[in-house]
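Novice: First the structure, which I've put down as structure tokens, then a few questions once you've had a look.
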Amino acid sequence: MTTDTEIQAPARVERRAGQASWTSTVPAWVITTISVAVATGLWEFFGRDVNPLLGTYPSAIIKAFFSMLQTGRLQDALIQSSQPFIVGYIVAAIVGIPVGLLLGRYRILESALGIYVTAGYATPLIALVPLLILWFGLGFMVKAVVVFLLSFFPICINTWFGVKAVPKTMIEVGTAFCASQTAIMRGIILPATIPYIMAGLRLGIGKAVIGIVIAEFLTAISGLGGIIITSANSFRTAEMFVPVILIMVLAVALTALVGWLEKYVAPWQSEITGHDSV
Amino acid sequence: MAHLEVQNITKSFGTHHALDGVSFNVEKGDVVALIGPSGCGKTTALRIIMGLETATSGQVKVAGRPVSGCGHDRGMVFQHAELLPWRNTLSNIGYGLEMKGMKEPELSRTAMHYLELVGLTLAKDRRPHQLSGGMKQRVGIARALAIDPEVLLMDEPFGALDSQTREGLHGELLSIHAKTQKTIIFVTHDLDEAVMLADRVAVMHAGKISQIIPIELERPRLDMRAIRTSAEYSKKRTLIWEALHDAGVSAAA
Ligand SMILES: Nc1ncnc2c1ncn2[C@@H]1O[C@H](COP(=O)(O)OP(=O)(O)OP(=O)(O)O)[C@@H](O)[C@H]1O
Ligand SMILES: [Mg+2]
């Protein structure tokens with residue numbers, strides 16, 4: 001048995017090394033582009049055979065996109081959706097990050113308030129939208145509140161757990177050099193927690209997108225969510241896909257923006273973990 | 001009056017007595033090594049002196065003043081350097097100075113001085129992950145020295161390094177000590193390190209100091225090769241080995 005594996009092992013290593021050199025010479029973006037092109041091509045090819053009420057295909061969506069652009073309907077909807085989105089999300093970050101930092105740092109706050117954050121994160125908050133409509137009406141405010149509620153919890157909880165993951169010895173460096181509580185918070189805990197905060201911000205984007213679309217379904221039928229629901233109700237499937245794909249592209253771009261922000265505010269992090277997957 | 005006085009400190013973690021009455025004095029400029037089997041309380045003693053842990057009873061005095069909590073009269077060098085990954089070498093060295101309230105341009109000037117002292121001028125702008133283990137430890141030493149403490153405390157500062165790097169740093173620490181005349185207490189598991197660097201070696205066992213062995217090697221200790229082959233060196237090395245061994249045997253009995 002032992003000799004068997006000993007003899008086989010080098011051959012296996014060699015083969016794996018060979019594979020790695022083949023895949024690592026092709027740039028990642030080329031592979032991604034090919035993959036997207038193939039998927040779009042397949043969708044176009046097979047999508048044309050589907051009943052237009054039940055499905056659609058890329059060229060029909062592009063046609064619908066340009067006609068909606070011409071009437072200005074898409075731009076109006078985008079503005080209607082993005083305003084409460086931006087406000088809700090930014091307030092969630094401004095409140096969620098400090099609250100998470102404090103929860104992680106102070107045992108009293110953690111025992112007193114941590115339970116609500118955990119519960120809020122686990123609750124299907126989207127179910128509260130009908131109630132929120134009663135409180136905040138049907139306009140801008142209710143959408144911003146829904147976005148805030150959905151993105152606050154992942155941002156806060158990630159920051160909180162990030163603080164818990166800061167090595168004790170790192171904090172002791174501050175203590176040993178007589179750093180004040182504020183100096184430890186700002187000079188050690190905050191920078192050490194940045195990767196977790198960024199992960200929270202990324203998760204928050206996904207939740208916020210869901211929040212804004214559902215809020216628009218259930219409230220004034222306005223914005224991008226409004227287009228989705230009116231197009232679906234009148235069986236204009238290609239038209240329905242325009243905002244869906246637009247939201248997807250924007251969400252991916254926002255997520256990339258957070259990644260870029262992380263490289264910018266925490267350049268050491270990508271240097272330490274900086275590695276390409278094989 | 002000794003420069004550092006450790007007076008009968010005890011420390012209990014629940015029912016476990018990590019320190020059971022530890023007393024020793026260190027004169028100004030002296031180097032003391034704490035050596036002993038794992039779990040005998042070396043780190044605990046050092047952390048109490050640093051103020052990272054409070055003693056159950058007893059007290060510590062630096063230059064006659066009783067200490068409680070942290071203080072810039074003591075500088076700590078950690079076992080794994082514990083540099084802040086987002087700071088470059090220079091600003092890691094300056095960390096303690098910043099916490100002490102020093103402002104620019106004095107801050108950079110002082111940090112530069114200690115950067116040169118540990119021979120890292122070329123690595124000034126690098127972040128910790130771009131430094132070797134030995135370089136990190138030198139940054140850790142410079143950071144602690146920069147606040148100009150009365151006492152330098154080091155917990156197995158070279159324990160994680162390969163023997164060649166470790167010996168290089170022994171030479172460096174000897175020369176830094178010759179220049180700064182700091183009072184130093186360091187923890188080690190390495191007999192050679194203890195004899196080479198220390199003026200006195202305190203052998204600890206089960207929360208107590210069982211023996212204090214003076215090392216009569218002249219300072220400055222520049223020629224490490226000559227010291228290693230000297231009669232005093234091998235005599236004291238054997239003595240410490242026996243002290244550790246005896247303690248172990250009496251524990252087993
Ligand atoms: N925070 C703590 N809580 C409970 N027990 C502790 C704590 N810190 C240390 N101890 C115990 O106190 C004793 C002394 O620990 P200490 O770390 O001082 O040993 P040490 O001499 O430094 O050992 P080593 O050579 O392995 O570093 C050990 O038995 C350890 O288990
Ligand atoms: Mg220890």
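Novice: With a 1.4 Å probe and all protein chains in place, put B:His113, B:His205 in order of accessible area, largest first.
Specialist: B:His113, B:His205
Novice: Taking the protein assembly as shown, how much of its Cα-Cα pair set, in percent, is spaced more than 37 angstrom apart?
Specialist: Counting every Cα pair in the protein assembly as shown, those more than 37 Å apart make up 52 percent.
Novice: What per residue convex hull volume, in Å³, comes out for the stretch B:1-117 when only alpha-carbon positions are used?
Specialist: 141 Å³
Novice: Name the cysteines of the protein assembly as shown that stand alone by the Cβ rule: no other cysteine Cβ under 4.7 angstrom.
Specialist: Cys with no partner Cβ under 4.7 Å: A:Cys156, B:Cys40.
Novice: A follow-up question, please. Applying 1/(1 + (r/R0)^6) with R0 = 30 Å to the Cβ-Cβ distance of B:Ser108 and A:Ser270, what FRET efficiency is obtained, to the nearest 0.05?
Specialist: Working: r = 27 Å, r/R0 = 0.89.
The computed FRET efficiency comes out at 0.65.
Novice: Taking the simple approach of a point 7 Å from Cα along Cα-to-Cβ for both B:Glu116 and B:Phe13, what is their distance in nm?
Specialist: Each label point lies 7 Å from its Cα, and together they span 4.4 nm.
Novice: With respect to the cross-link table entries B:Lys61/B:Lys100; B:Lys179/B:Lys235; B:Lys42/B:Lys182; B:Lys28/B:Lys61; A:Lys63/A:Lys207, which display a Cα-Cα separation exceeding 24 Å?
Specialist: Numbers: B:Lys61/B:Lys100 21 Å; B:Lys179/B:Lys235 28 Å; B:Lys42/B:Lys182 20 Å; B:Lys28/B:Lys61 13 Å; A:Lys63/A:Lys207 30 Å.
Long pairs (Cα-Cα over 24 Å): B:Lys179/B:Lys235; A:Lys63/A:Lys207.
Novice: Quote the total accessible area buried by chains B and A together, excluding ligands, DNA and RNA, probe 1.4 Å, nearest 100 Å².
Specialist: Working: alone 11850 and 16900 Å², together 26850 Å².
Using a 1.4 Å probe on protein heavy atoms, the buried area is about 1900 Å².
Novice: How large is Rg over Rh for the stretch A:29-71, taking Rg from the Cα atoms and Rh as the Kirkwood inverse mean of 1/r across Cα pairs?
Specialist: 1.09
Novice: Write down the accessible area per residue of the stretch B:83-148 in Å², having rolled a 1.4 Å probe over the full set of protein chains.
Specialist: Numbers: 2730 Å² over 66 residues.
Dividing the accessible area of the stretch B:83-148 by its residue count gives 41 Å².
Novice: Now for a separate question. Mind checking the mean number of beta-carbon atoms from other chains within 10 Å of the Cβ atoms in A:167-176?
Specialist: Average per residue, whole number: 6.
Novice: Over the protein assembly as shown, with every protein chain in place, what whole percent of the accessible area is carbon and sulfur at 1.4 Å, could you tell me? Each step should come with its number before you reach the end.
Specialist: Details: 16920 of 26850 Å².
Here it works out to 63 percent.
Novice: Also: Enter the accessible area per residue of chain A (Å², integer; probe 1.4 Å; all protein chains in place).
Specialist: 57 Å²
Novice: Going by amide H atoms built from the backbone, whose H comes under 5 Å of the H on B:Met154, apart from near neighbours?
Specialist: Those qualifying (amide H under 5 Å, at least 5 residues apart or on another chain) are B:Val77, B:Ile185, B:Phe186, B:Val187.
Novice: In whole Å, how far is the Cα centre of the stretch B:1-34 from that of the stretch A:91-111?
Specialist: 39 Å
Novice: I want to check the label-to-label distance for A:Thr118 and A:Thr40. Put each point 7 Å from Cα in the C-beta direction and report it in nm to one decimal.
Specialist: 4.7 nm
Novice: Also, I was wondering about something else. Check B:His205: other-chain or 5+ apart residues with amide H under 5 Å from its amide H, H built from backbone geometry?
Specialist: B:Ser210
Novice: Here's a follow-up. Over chain B, what is the relative contact order in percent, taking alpha-carbon pairs closer than 8 angstrom and at least six residues apart? Could you put the intermediate results ahead of the total?
Specialist: Numbers: 484 pairs, mean separation 62.2, N = 253.
Across chain B, relative contact order equals 25 percent.
Novice: Moving on to the next point. Check cross-link reach from B:Lys103 to the aspartates and glutamates: straight Cα distance under 17 Å, and skip same-chain residues fewer than eight apart.
Specialist: Cross-link targets: B:Asp148.
Novice: Shifting gears a bit: Given R₀ = 25 Å, FRET efficiency for A:Lys168-A:Leu109 by Cβ-Cβ distance, to 0.05?
Specialist: Computed FRET efficiency for A:Lys168 and A:Leu109 comes out at 0.85.
Novice: Based on the alpha-carbon gyration tensor of the stretch B:83-148, what equivalent-ellipsoid semi-axes (square roots of 5 times the eigenvalues) come out, in whole Å, largest first?
Specialist: Its equivalent ellipsoid spans semi-axes of 18, 11, 10 Å.
Novice: Per-residue HN-Hα couplings for the stretch B:125-137, Karplus 6.51 cos²θ - 1.76 cosθ + 1.60 at θ = phi - 60°, whole Hz, x for Gly and Pro?
Specialist: Working through the residues one at a time gives 9, 7, 8, x, 5, 9, 10, 6, x, x, 5, 4, 5 Hz.
Novice: Moving on. In chain B, if every C-alpha pair distance is counted and binned at 10 Å from zero, what percent goes to each bin?
Specialist: Whole-percent P(r) values from 0 Å outward: 7, 31, 36, 21, 5, 0, 0.
Novice: Let me ask you something else. Between the helical axis of B:106-117 and the dominant principal axis of chain B, each derived from Cα atoms, what acute angle in degrees is found, rounded to the nearest 10?
Specialist: 60 degrees
Novice: Tell me whether the stretch A:73-273 comes out rounded, prolate or oblate; compute the Cα gyration tensor, take square roots of the eigenvalues as a ≥ b ≥ c, and use a/c under 1.5 as the rounded threshold.
Specialist: Judged from the Cα gyration tensor, the stretch A:73-273 comes out prolate (a/c at least 1.5, a/b above b/c).
Novice: Now for a separate question. At 1.4 Å probe size, put B:Met112, B:Met1 in order of accessible surface, largest to smallest.
Specialist: Result of the area sort, largest leading: B:Met1, B:Met112.
Novice: So for the pair A:Leu257, A:Ile79, with labels modelled 7 Å out along Cα→Cβ, what separation do we get in nm?
Specialist: Inter-label distance under the simple model: 1.8 nm.
Novice: Still on this structure: Straight distance only, please: which aspartates and glutamates reach the Cα of B:Lys124 with their own Cα at less than 14 Å, same-chain residues fewer than 8 apart left out?
Specialist: Straight-line reach from B:Lys124, under 14 Å: B:Glu116.
Novice: On a C-alpha basis, how far is the centre of the stretch A:118-141 from the centre of the stretch B:74-118 in Å? Whole number, if you could?
Specialist: Each part's Cα centre sits 50 Å from the other's.
The values are calculated or read from the model by the stated rules, or taken from the named source; none is laboratory data. Just so it is clear, the structure is predicted and the values come from calculations on it, not from any experiment. Note that we place each Cβ from the backbone using ideal geometry, even for glycine, and neighbour counts take in every protein chain shown. Note: areas computed on protein heavy atoms with side chains; ligands, DNA, RNA excluded. Shrake-Rupley method; radii C 1.70, N 1.55, O 1.52, S 1.80 Å.
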